Each structure stands twice: as C-alpha cells, then as structure tokens.
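Below is one structure, written out as structure tokens; the observations come after it.
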Amino acid sequence: MHKTLAPPATTKPTFEYVEPDKLRFDPNNPRFSSTGTKDPEQIQRLLEQEPHLALELVDSFLENGFIDYEPLVVRREGDHFIVVEGNRRLAAVRHILANEKSYGQRSSMLDDLRSIPVLVFPEGAEAEERKQQRVYLGVRHLFGYRDWPPESKARFLDAQIKQRPDLQRTMRELNIKRSEIQRYVVPYRLRKSADSLLKPYVDQDFWVLGEALNRGGIKEYLGLEIDPESLRILDFDRKKLRNLLEFLYGVPKDGKRDNRRISETREISQLARVLAAPAAAAVLERGKSLEEAQLFIRSPQENRDGLRKAVQDLNALIKRLMSKTPKDAASKSLLATFEDFRKAALQFLRDGKKPRV
C-alpha cells in the first residue's frame with residue numbers, strides 16, 4: 001500500500017497519496033450546478049446517476065487500480081482535502097470500498113484504492129496557485145478533454161467573472177473568446193436573475209436556452225441588455241422571457257408540457273426570425289404554431305412557393321394511396337374532393353393572395 005506523505009512545507013502543489021476517507025467532495029463543483037446540495041451522501045448518489053455515471057468507472061478501477069499519472073486535484077483544508085478535480089472518480093472509489101465484500105471477489109486491486117494519488121494545492125493558496133487551479137480546470141473541462149455539461153461550464157465561468165477585469169483575465173488565461181464565454185454565462189445569469197420564472201423548467205436542457213440567447217432576434221425580443229465588460233445582466237422583459245420559455249419548452253401542466261413551438265434545436269433560428277418581427281411574434285403569442293407565424297415574415301412569393309410545394313406533395317401522396325386502394329365510392333369521393341381543393345389552391349396562387357391566419 002502507498003504511504004501518505006507528510007504535509008508539505010511549501011506553497012507549491014505537491015504530489016501525495018491520501019486515504020479516500022480524508023477526501024471530501026467539493027459542493028461548489030460546477031458538476032452540481034443546479035442541485036445546491038452540500039450533503040456528501042447526496043452528492044455520492046448524484047454522481048452515480050446520469051449524466052455523471054461514476055459507476056461506469058468501477059470496472060476500470062477493479063481491473064487497473066488507480067493510475068498514478070492521473071491524480072485527483074485537491075485543496076488542503078485542515079486535516080482533510082477538498083477535491084477540486086476528480087469528484088466523479090472519488091465517487092467510484094467510495095462505491096467500491098463501501099461494497100468491498102462484493103467487489104473483493106472480483107478484483108485484487110482493492111488495496112490499491114485505499115490510498116490514492118492526489119495533487120495537493122496548499123491551504124490558503126497564493127494568487128498564482130489559484131490561477132493554476134483555474135487554468136487547469138478550464139483547459140481540462142471547457143475544451144473537450146473531460147467535457148463538463150454546458151451548465152457546468154457556465155457555472156465555472158460565472159464564478160470566475162465578477163468584476164470587469166475578470167473577463168479580460170479569464171479570456172487571457174484560458175485563451176477563450178468573449179463570444180464563447182458569453183454563450184455560457186449569459187443564459188446562466190439570466191436564469192439566476194429570473195429564478196422564479198425558470199423554476200418550472202429547471203429539469204429542461206440548459207443548452208436550448210443557451211442556443212436561443214445566441215440569436216440576435218431573440219435577444220431583441222427579450223429586450224436583453226448586457227454589460228459588455230462584465231457580462232452582467234442589466235435588463236430584460238420578464239413577460240417575454242416567460243413567453244420564450246413556453247416556446248422552447250412548452251407549458252408545464254399535469255406533469256406534461258403542452259404547446260411547445262419547437263421540436264428540435266435547428267428550429268431555434270426560425271423562432272428567432274419570427275420573434276424579430278413584431279407581427280409574427282404576436283401570432284406566436286396568441287398560441288399559433290411556428291409555421292403559422294412564419295407566414296408573416298415570408299415574402300408573398302415564399303408563401304406561394306410553400307403552398308405550391310405542399311399541394312404537390314399532397315397530390316403525390318393521394319396518388320400513392322389510391323394506387324393501393326380499391327376503386328370504391330369512398331375513394332372516388334376523396335379524389336373528387338382533393339381535385340376541387342387542388343384547383344382552388346392553384347387559382348389562389350394565380351391570384352397572388354397572401355394566406356391569413
């Protein structure tokens with residue numbers, strides 16, 4: 001078994017081996033952005049479930065033990081350590097040791113897990129050490145090596161940027177553009193600013209809102225004002241934010257969500273175009289569909305082309321259906337009715353009239 005080294009006499013990070021009992025989950029870790037829990041057992045259960053799935057690591061630990069060249073990153077705090085990076089791996093180790101009887105029959109590596117490698121940042125680390133922690137976490141989790149979910153990235157960046165100089169420092173340290181930071185931080189801060197409105201949607205995909213706020217038409221619709229130097233939310237229309245949430249996620253009702261206007265994220269661009277046009281936005285607000293609202297932003301020619309294509313598609317469908325249906329009175333009646341509709345639609349197109357809802 002590895003031996004735990006004596007506490008460091010330096011302010012620099014040190015490599016040590018530590019017993020898991022001396023390690024604590026970090027309740028402020030961005031992975032737990034929406035829970036607010038500080039109870040270690042609740043965090044353990046959270047990490048074992050989706051989307052973290054810490055138990056996926058169990059087989060690897062049973063087979064290989066804990067690999068030294070990928071230590072947990074921890075911060076010394078009194079007689080124990082707070083895990084800055086590696087909470088998911090700690091949850092897997094804790095699970096194995098808590099179920100030692102079951103796993104001991106499958107693996108000879110349990111002793112290797114009783115003292116695991118850590119990179120220790122000292123208690124009360126100086127500014128340079130805190131910077132190293134920020135950069136380490138940012139590079140590791142913002143840029144794809146061990147990606148955090150979007151909301152976790154947003155929470156991490158939000159914690160780094162409190163004052164105006166923080167934005168420039170974060171951009172410089174992480175080599176990240178302002179626009180990329182804004183994509184994460186603005187929806188996260190808007191959610192905090194409108195907590196009561198967003199509570200019914202806390203279980204919904206954070207990134208859908210993030211993608212929506214990346215569209216100029218939607219920001220204009222909300223009257224969203226942001227301080228460009230600190231990305232602080234200055235103002236927005238709460239009523240229109242409520243509308244937007246309903247368009248994106250639907251209206252919560254009896255455990256279900258009704259009247260959602262988009263079914264996939266690629267429709268967000270269409271939603272932005274609609275909301276940028278007051279007449280079209282008003283149609284959507286009255287409960288009409290996204291397709292109906294788009295009639296008010298398309299040119300007359302675009303609407304005519306859309307109707308013409310719809311008639312052609314329906315004509316082809318009717319013909320395929322009739323080719324497999326007996327030629328009885330009902331099918332003849334359907335064909336006659338459709339032919340009347342087709343002629344009326346073509347006449348409508350010739351007249352050049354604009355459809356109305």
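The values are calculated or read from the model by the stated rules, or taken from the named source; none is laboratory data. Being a predicted model, the structure only gives us computed values, none of them experimental. Virtual Cβ from ideal backbone geometry, glycine too; neighbours counted across all protein chains shown.
Are any residues in region 236-292 closer than 19 Å to Asp205 by Cα and aliphatic (A, V, I, L, M), and if so, which ones?
Result: Leu241, Leu244, Leu245, Leu248, Val251, Ile262, Ile268, Leu271, Ala272.
Any residue in region 264-284 that's part of a loop (DSSP other than H, G, I, E, B): show its pairings with residues that are β-branched (Val, Ile, Thr) and at pLDDT 90 or above at Cβ separation under 9 Å, as long as the two are six or more apart or on different chains.
Ala276/Ile218
Restricting attention to region 275-297, does a residue exist that is touching a Lys or Arg at 6+ places or on another chain (Cβ under 6 Å), under 30 Å from Leu198 (Cα atoms) and of a type in the set (A, V, I, L, M, F, W, C)? Steps first, please.
Keep residues of region 275-297 that are touching a Lys or Arg at 6+ places or on another chain (Cβ under 6 Å), which gives 290, 297.
This time we only want the ones that are under 30 Å from Leu198 (Cα atoms), so: 290, 297.
Now restrict to residues that are of a type in the set (A, V, I, L, M, F, W, C): 290, 297.
Checked against the condition, which is being touching a Lys or Arg at 6+ places or on another chain (Cβ under 6 Å), under 30 Å from Leu198 (Cα atoms) and of a type in the set (A, V, I, L, M, F, W, C), region 275-297 yields at least one hit.
If you scan region 342-357, which residues turn out to be surrounded by 14 or more Cβ atoms within 10 Å (Cβ to Cβ) and either modelled with pLDDT of 80 or more or not in a loop (DSSP other than H, G, I, E, B) (or both)? Please lay out each step first, then the result.
Going residue by residue through region 342-357, those that are surrounded by 14 or more Cβ atoms within 10 Å (Cβ to Cβ) are 342, 345, 348-349, 355.
Scanning region 342-357 gives Arg342, Ala345, Phe348, Leu349.
Any idea which of Val274, Val311 is under 18 Å from Arg242 (Cα atoms) and surrounded by 15 or more Cβ atoms within 10 Å (Cβ to Cβ)?
Working: Val311 fails: under 18 Å from Arg242 (Cα atoms).
Selected residue: Val274, the only one of Val274, Val311 that is under 18 Å from Arg242 (Cα atoms) and surrounded by 15 or more Cβ atoms within 10 Å (Cβ to Cβ).
For Leu213, indicate whether it is of a type in the set (A, V, I, L, M, F, W, C), more than 30 Å from Gln347 (Cα to Cα) and not assigned by TED's automatic domain parsing to the domain that holds Glu50. Spell out the reasoning first.
Details: of a type in the set (A, V, I, L, M, F, W, C): yes; more than 30 Å from Gln347 (Cα to Cα): yes; not assigned by TED's automatic domain parsing to the domain that holds Glu50: yes.
Criteria met by Leu213.
From the list Arg304, Arg286, which one is crowded, with 17+ Cβ neighbours inside 10 Å and among the charged types (D, E, K, R)?
Working: Arg286 fails: crowded, with 17+ Cβ neighbours inside 10 Å.
That would be Arg304, the only listed residue that is crowded, with 17+ Cβ neighbours inside 10 Å and among the charged types (D, E, K, R).
Conditions first: (1) under 30 Å from the mean Cα position of the chain (by Cα); (2) modelled with pLDDT of 85 or more. Gln132 passes all but one, so which condition is the exception?
Gln132 satisfies every listed condition except (2).
Does region 289-301 include one or more residues that are modelled with pLDDT of 85 or more, of a type in the set (Gly, Ala, Ser) and surrounded by fewer than 16 Cβ atoms within 10 Å (Cβ to Cβ)?
Within region 289-301, one or more residues are modelled with pLDDT of 85 or more, of a type in the set (Gly, Ala, Ser) and surrounded by fewer than 16 Cβ atoms within 10 Å (Cβ to Cβ).
If you scan region 159-175, which residues turn out to be assigned to a helix (DSSP H, G or I) and of a type in the set (Val, Ile, Thr)? Write out each step before concluding.
Residues of region 159-175 assigned to a helix (DSSP H, G or I): 159-160, 164-174.
Thr170 - this is the single residue of region 159-175 that is assigned to a helix (DSSP H, G or I) and of a type in the set (Val, Ile, Thr).
Can you confirm whether region 226-241 contains a residue that is modelled with pLDDT under 90, over 22 Å from Val283 (Cβ atoms), in a helix (DSSP H, G or I) and in the same structural domain as Ala282 (by TED's automatic domain parsing)?
no
Any residue at all in region 192-199 that is surrounded by fewer than 16 Cβ atoms within 10 Å (Cβ to Cβ), under 19 Å from Leu275 (Cβ atoms) and touching a helix residue (DSSP H, G or I) at 6+ places or on another chain (Cβ under 9 Å)?
no
Are any of the residues in region 209-222 surrounded by 18 or more Cβ atoms within 10 Å (Cβ to Cβ), part of a helix (DSSP H, G or I) and at pLDDT below 90?
Scanning region 209-222, I find no residue that is surrounded by 18 or more Cβ atoms within 10 Å (Cβ to Cβ), part of a helix (DSSP H, G or I) and at pLDDT below 90, so the answer is no.
Return yes when Ile181 is modelled with pLDDT under 95, of a type in the set (Val, Ile, Thr), over 25 Å from Glu285 (Cβ atoms) and assigned to a helix (DSSP H, G or I) and no when it is not. Show your work before the answer.
Details: modelled with pLDDT under 95: yes; of a type in the set (Val, Ile, Thr): yes; over 25 Å from Glu285 (Cβ atoms): yes; assigned to a helix (DSSP H, G or I): yes.
Yes; evaluated as a whole, the condition is true for this residue.
Residues being over 17 Å from Asn29 (Cβ atoms) and basic (Lys, Arg): count how many of those fall in region 77-109.
Residues of region 77-109 over 17 Å from Asn29 (Cβ atoms): 78-79, 95-109.
Filter again for basic (Lys, Arg), leaving 101, 106.
Number of matching residues: 2.
Is region 53-72 home to any residue that is surrounded by 20 or more Cβ atoms within 10 Å (Cβ to Cβ), closer than 30 Å to Leu167 by Cβ and modelled with pLDDT of 85 or more?
yes
Go through (1) over 19 Å from Pro30 (Cα atoms); (2) free of Cβ contacts under 8 Å to residues at least 40 places away in the same chain; (3) among the basic types (Lys, Arg) one by one and return the number of the condition Arg215 breaks.
With (1) over 19 Å from Pro30 (Cα atoms); (2) free of Cβ contacts under 8 Å to residues at least 40 places away in the same chain; (3) among the basic types (Lys, Arg) applied to Arg215, the lone miss is (2).
Going by what's in this entry, would Glu246 be described as among the acidic types (Asp, Glu) and touching a residue at least 60 places away in the same chain (Cβ under 8 Å)?
On the way: among the acidic types (Asp, Glu): yes; touching a residue at least 60 places away in the same chain (Cβ under 8 Å): no.
No, not satisfied.
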